[in-house]
Structures are given as structure tokens and as C-alpha cells.
1. Please compute the volume of the convex hull spanned by the alpha-carbon atoms of region 78-177 and report it per residue in Å³.
2. Please report, largest first and rounded to whole Å, the three semi-axes of the ellipsoid equivalent to region 110-255, where each semi-axis is the square root of five times an eigenvalue of the C-alpha gyration tensor.
3. Mind ranking 131-144, 39-52 by how tightly packed they are, going by the mean number of other C-beta atoms within 10 angstrom, highest first?
4. Sequence gap at least 6, Cα distance under 8 Å: using those rules, report the relative contact order of region 78-177 to the nearest whole percent.
5. Project the alpha carbons of region 121-192 onto their principal axes and report the range along each, largest first, in whole Å.
């Protein structure tokens, strides 16, 4: 009887407590609940933004990108190069299929032209195409790898020089062709080199228009520009070049040209030299101190078209 009574008392107390708690619980304001939900959402968005920011900061640090503002009115080509590396790599991968198709057609066209010029067999032609397609794929992987690290302009041109197609073709011909085919290749190289020297000298001569050279001076200057070139070889038959030069072998190219000029042309020549030196210094600064002329020559660059001695 006592146990039953005790149970009833406890039950009554618990029930009364529950009713009291229910009746005293504040009513929920729908507007406040909505505001709290929005606050929670904003907190989550802020947390996600912070995480994304940390992830981006980590990616920038691992990629070697600079976060400092660019200096006003100053071309920083090394920074431009490095900041654009991720974009360049993404574009390279995106258009890789088109690049391979275009490169494949170019390699096939070159091989077929050489087959006609050098008397290659179909087997030799197919082997050449396969070799250079493989080399192209290897070079592409080198470029992608280069874009994964901090690089300088000199790094880029060093890689490009290592991929020099002329050297690659020379190596292949020497390893895979017959003696007769090698001789034909060497002859074609000399002809191509002569044409390059001719075009370069013609381009340089065109830049001297302000000197108002007469025809005799043009012939002499063209001769100097060819024979004073670091790529000149006496075996080359460059059209428009005399067999014997009229300048001192100890003179530099600029000194030899100056010796051809009249006295009234020398002031303009001095101005041209100053402008070229300023331009060279400016590009040297942009390239991190690297000599642009040596860079240009190292890449086998030439300029202009035609040649002195054609269409005269």
C-alpha cells in the first residue's frame, strides 16, 4: 500500500513538473528563428571562404607565384612569365590534340619534301616521321615539366635551344642516312645558311635607310654585314657578296661600316649606334641582364626577306 502511494506521489510530481515546464517555455519567434538560420549559413559560408583562401594561398606558394603588387610602369618579364605559367600549361594541355595534329602534318610534309630532295625510301620516310613524332612528344613533356617550377627567361630559351630542330635533324641524318644522302643534306644546309645570311644582311641594311647610302655604299655595306656575321663561312655562296672584301679583318662590323660612310653621314650613324645601344640595354634589363643579341644569335634568329643582289 505504501509502495503504491509512493509511486502515485512521484508520478504526480513528475507530471506537474512537465506541465510547468511546458507552460513556462517561451514561445519561438519565427522571424528570430529565420535570422538565426541565416546567421548559421553565413558562418558556414565564411568558413568555406577561409578554407578556399588558405587552399589558394597554399597553391600560390607551391607554384612560386608572387603576391606583391606589380611595380608601376615597369616591365618585369620574369614575373609575367611565372605568373602566367599555370595558364600557359592549362592552355597547352587543352589544345594538345590540335597541336599534335598540326605538328604531325608538318613533320610529314618536311619528311616528304626531304624524301624528294635526298632520295629517301618510303621506309626511311616513315622512320623519320615516327622518330620526330616521338621527339615532339618528349619535348612537350619537357615543356610541361618546366612550367611546374619557378623559371627565368634564360631557362625558357635554354630549353628551346636544346630542342633546336636544326640540331635534331642534323643528328638524325648523321645517324640514319646513307653517305650520299648525308652529302646532299650538308649541301642543302649550306644553301639554307647562305639564304639566312642574305636575309639578315638585307634586313640590317634596310634599318640604315636614314644614312641615304648610294648604290656603291650599299654593295660594300651588304658585303660587310654578311662577312662580319658570326655565322659566315667562306664556303657559303651568298648572292650579292664579293669574293674579296675591302675591309680590315681586325675591324668590327660597326667599324667596317663606318669606314665606308662619308663624313656627312657619320653624325646620323652615331645616332643610330646610340639608339641601338639604348635598345639593347633596355632589352638586357628586361631579360635580367642577358644580352639580347647573343640570345637572338643563339636561337638562330634572322630578320627580313630578300637579299642584296636580287632584283637589282
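Where a number appears in this text, it was derived from the coordinates with a stated rule and is not lab data. Please read these numbers as outputs of a predicted model, since none were measured by experiment. Neighbour counts run over all protein chains shown; Cβ positions are idealised from the backbone, glycine included.
1. So the per-residue Cα hull volume is 97 Å³.
2. Numbers: eigenvalues 262, 114, 30 Å².
One finds semi-axes of 36, 24, 12 Å for region 110-255.
3. Values: 131-144: 14.7, 39-52: 10.0.
By packing density, highest mean first, the sequence is 131-144, 39-52.
4. Values: 31 pairs, mean separation 43.2, N = 100.
Relative contact order here is 43 percent.
5. Computed over the Cα atoms, the extents are 46, 26, 16 Å.
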